[in-house]
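*Asks:* Shown below is the structure under consideration.
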Amino acid sequence: MKMVVAYIRHEAFEPIRMELLGLGFPSLSITEVKGSGRQKGITEHYRGAEITNYLRPKVKIECVVETKDVPAIVDTILRHARTGSIGDGKVFVLPVEEAYRIRTGESGEETLQAHPDTSNAPA
Ligand SMILES: Nc1ncnc2c1ncn2[C@@H]1O[C@H](COP(=O)(O)OP(=O)(O)OP(=O)(O)O)[C@@H](O)[C@H]1O
Ligand SMILES: [Mg+2]
């Protein structure tokens, strides 16, 4: 199992979510975060004052999947998140030791992603 962690622009999230849903990966978490990349800061002028923003708002996606599914997830994120401009974001792939579905006590890969009977149930 792996966790795909991506820091992306806000506007990239919805197309990524839609495509992942269509591919059978409805289960993910997002957080609104602030971060910096290698440019460190962006300097803007506001009412005569020079203001440097060191942190930019991003959406963080966390998606735990079977290892075999990582390329499909990463490909989806890369295609929708890339504009070609600086600040498009980053994708990281982390190992996951174990997973448990709390409701049933199941563990392992069967706890991940789509279940045929719950496609329209609340999260
Ligand atoms: N090494 C990192 N560790 C954790 N988060 C990171 C890392 N690099 C980037 N991020 C997150 O990703 C966001 C976007 O990074 P960004 O796209 O600016 O990366 P970059 O390496 O500067 O590439 P680019 O030159 O295309 O801007 C950052 O604001 C931060 O939230
Ligand atoms: Mg950057």
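*Asks:* Every residue in region 9-23 that is surrounded by 13 or more Cβ atoms within 10 Å (Cβ to Cβ) and out of contact with any Cys (no Cβ under 9 Å at 6 or more places or on another chain), please. Can you show your working first?
*Replies:* Initial filter on region 9-23 (surrounded by 13 or more Cβ atoms within 10 Å (Cβ to Cβ)): 9, 12-13, 15-17, 19-21, 23.
Once the filter is applied, which keeps residues that are surrounded by 13 or more Cβ atoms within 10 Å (Cβ to Cβ) and out of contact with any Cys (no Cβ under 9 Å at 6 or more places or on another chain), region 9-23 yields 9, 12, 13, 15, 16, 17, 19, 21, 23.
*Asks:* Going residue by residue through region 109-121, is there one that turns out to be assigned to a strand (DSSP E or B) and more than 13 Å from residue 2 (Cα to Cα)?
*Replies:* Here is the first cut: in region 109-121, the ones assigned to a strand (DSSP E or B) are none.
No, because not a single residue in region 109-121 is assigned to a strand (DSSP E or B) and more than 13 Å from residue 2 (Cα to Cα).
*Asks:* May I ask you to list pairs of residues, at least six apart or on different chains, whose Cβ atoms are under 6 Å apart, with the first in region 2-18 being closer than 19 Å to residue 66 by Cβ and the second being open to solvent by 30 Å² or more (accessible area, probe 1.4 Å) and aromatic (Phe, Trp, Tyr)?
*Replies:* From region 2-18, the pairs are 5/92.
*Asks:* Under 7 Å by Cβ, and 6 or more places apart or on different chains, what pairs join a residue from region 21-45 that is within 18 Å of residue 58 (Cα to Cα) with one that is part of a loop (DSSP other than H, G, I, E, B) and within 14 Å of ligand 2 (Cβ to nearest atom)?
*Replies:* 34/55; 35/55; 36/54; 36/55; 37/87; 39/86; 40/54; 41/54
*Asks:* Got a sec? Which of 33, 74, 64 is part of a strand (DSSP E or B) and within 16 Å of ligand 1 (Cβ to nearest atom)?
*Replies:* Just a single option satisfies the conditions, and that option is 33.
*Asks:* Looking only at region 85-102, count how many residues are open to solvent by less than 70 Å² (accessible area, probe 1.4 Å) and either in a loop (DSSP other than H, G, I, E, B) or under 15 Å from residue 113 (Cα atoms) (or both).
*Replies:* Residues that pass the stated criteria total 6.
*Asks:* Out of the residues in region 35-50 that are under 26 Å from residue 3 (Cα atoms) and surrounded by 12 or more Cβ atoms within 10 Å (Cβ to Cβ), which is nearest to ligand 2 (Cβ to nearest atom)?
*Replies:* Looking at residues that are under 26 Å from residue 3 (Cα atoms) and surrounded by 12 or more Cβ atoms within 10 Å (Cβ to Cβ), I get 37.
*Asks:* Going through region 51-73 one residue at a time, which ones are β-branched (Val, Ile, Thr), at pLDDT 95 or above and either buried (at least 18 other Cβ atoms within 10 Å of the Cβ) or within 16 Å of ligand 2 (Cβ to nearest atom) (or both)? Write out each step before concluding.
*Replies:* Let us first name the residues in region 51-73 that are β-branched (Val, Ile, Thr), namely 51-52, 59, 61, 64-65, 67, 70, 73.
Then keep just the ones that are at pLDDT 95 or above; that gives 59, 61, 64-65, 67, 70, 73.
Once the filter is applied, which keeps residues that are β-branched (Val, Ile, Thr), at pLDDT 95 or above and either buried (at least 18 other Cβ atoms within 10 Å of the Cβ) or within 16 Å of ligand 2 (Cβ to nearest atom) (or both), region 51-73 yields 59, 61, 64, 65, 73.
The values are calculated or read from the model by the stated rules, or taken from the named source; none is laboratory data. If you're wondering where the values come from, they're calculated on a predicted model, not measured in any experiment. Every residue, glycine among them, receives a Cβ derived from its backbone with ideal geometry; neighbour counts consider all protein chains shown. Remember, those area values only see protein heavy atoms, side chains included, never the ligands or the DNA or RNA. Shrake-Rupley method; radii C 1.70, N 1.55, O 1.52, S 1.80 Å.
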